[in-house]
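Remarks on the structure that follows.
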Amino acid sequence: MVNFLQEHWRSAVEILILWVFIYQLYRTFRATRGARILVGLAMIFVVLTLASQLLQLEVVEFIITRVAVVAALALLIIFQPELRMALARLGSFRLWSFNSTQQQEFLGSLSDAVWQLSHKRYGALFAIERTMGLKDHIETGVKIKGMLSPELALTIFHPKTALHDGGVVLSGERIVAAACVFSVSQSEVVDRSMGLRHRAAIGLTEESDAVTIVVSEENGQVSLCIDGKIERNLEEDAFRVRLEEIFLADSEAKDNEEGLDEAVIREQLDPQDSVAAAGDRSLVSD
């Protein structure tokens, strides 16, 4: 057994790497329009390859080997949106600029604003910036830079105001911009009752790590989107709990990272290495 492991451990590592890569590829491309194209091309490639090997079709094998390079480039073009989304998520990192107490106050104000909009049945769309900047989307709207409050949210999304169309981008505790345009999701939507506001909320979370909140203009129902998935018809208590799960978890992760950094610094600045012994009479008082 030991000899077998010594000889074939590299194969096990390769299988593990390929399994992780294929699984992540599946997670990225599932429920997208490109998924069917990818499955169709893979089936054609496998069938032609098996036929050329079993039946010794030299011409078909020659064509497959020559077309493979061109097909790889074509796949990069076809799946450009999905690849951009995957790379963007890979390069993201967690960072929040205010402490947990401020976050709780912010989440409370946000929840109050959302449910006041829901009771009045004002259609609304919020995008909460997390670690990936939303500068491109902010530039499509009107910059505000105001503190979030239920009154300001009601004013922005009032049906007769100039800024009620589009989405509001939140960064930290502030409303950065209103009337912003978000790209609509390219995924296949099962529920056809969802309008453009919901599809735009899903689309933004597919290409960034932002969290979006939608208030339906028709029935006042509240939905939350994260990582390209939508959670619909949330109750007020469940909505508040879900926000805390998302954003307070980010804060705890950051605090843990900062705690580790401080521990490393304390180890590097060990007082036993830098301070002389207590019996050393050469030391003077402060």
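Exposure proxy check: Glu61, Glu105 ranked by fewest other beta carbons within 10 Å?
Going from sparsest to densest Cβ surroundings: Glu105, Glu61.
Using 0.36 nm per residue of separation minus the Cα-Cα distance, give me the extension gain between Lys120 and Phe62 in nm, one decimal. Each step should come with its number before you reach the end.
Numbers: separation 58, 0.36 × 58 = 20.88 nm, distance 6.64 nm.
14.2 nm is the gain from fully extending Lys120 to Phe62.
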Relative pair counts by distance (%), Cα atoms of region 100-248, 5 Å bins: 2, 10, 22, 25, 24, 13, 4, 0
Whole-Hz couplings from phi, Karplus 6.51/-1.76/1.60, listed for region 219-234; x for Gly and Pro: 10, x, 5, 10, 10, 10, 10, 8, 6, x, 10, 10, 10, 9, 6, 6
For Ile37, Ile156, order by how many other beta-carbon atoms lie within 10 Å, fewest first: Ile37, Ile156
Interchain or long-range residues, amide H under 5 Å from Gly141's placed H: Val181
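What FRET efficiency comes out for Ala12 versus Leu41 if R0 is 25 angstrom and r is the Cβ-Cβ distance? Round to the nearest 0.05.
Working: r = 29 Å, r/R0 = 1.17.
For Ala12 and Leu41, the calculated efficiency is 0.30.
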Label point distance in nm, Glu218-Val184, each placed 7 Å from Cα along Cα→Cβ: 1.5 nm
Linear extension gain, Met1 paired with Lys160, 0.36 nm per residue minus alpha-carbon span: 49.7 nm
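If the chain between Val142 and Glu236 were fully stretched, how many nm would it gain, using 0.36 nm times the residue separation less the Cα-Cα distance? Walk me through the numbers on the way to the answer.
Values: separation 94, 0.36 × 94 = 33.84 nm, distance 2.94 nm.
Residue separation times 0.36 nm, minus the Cα-Cα distance, leaves 30.9 nm.
Quick note: the coordinates plus some simple rules give every number you see, no bench work behind them. Being a predicted model, the structure only gives us computed values, none of them experimental. Don't worry about glycine lacking a Cβ; one is built from the backbone with ideal geometry, like all the others, and counts go over all protein chains shown.
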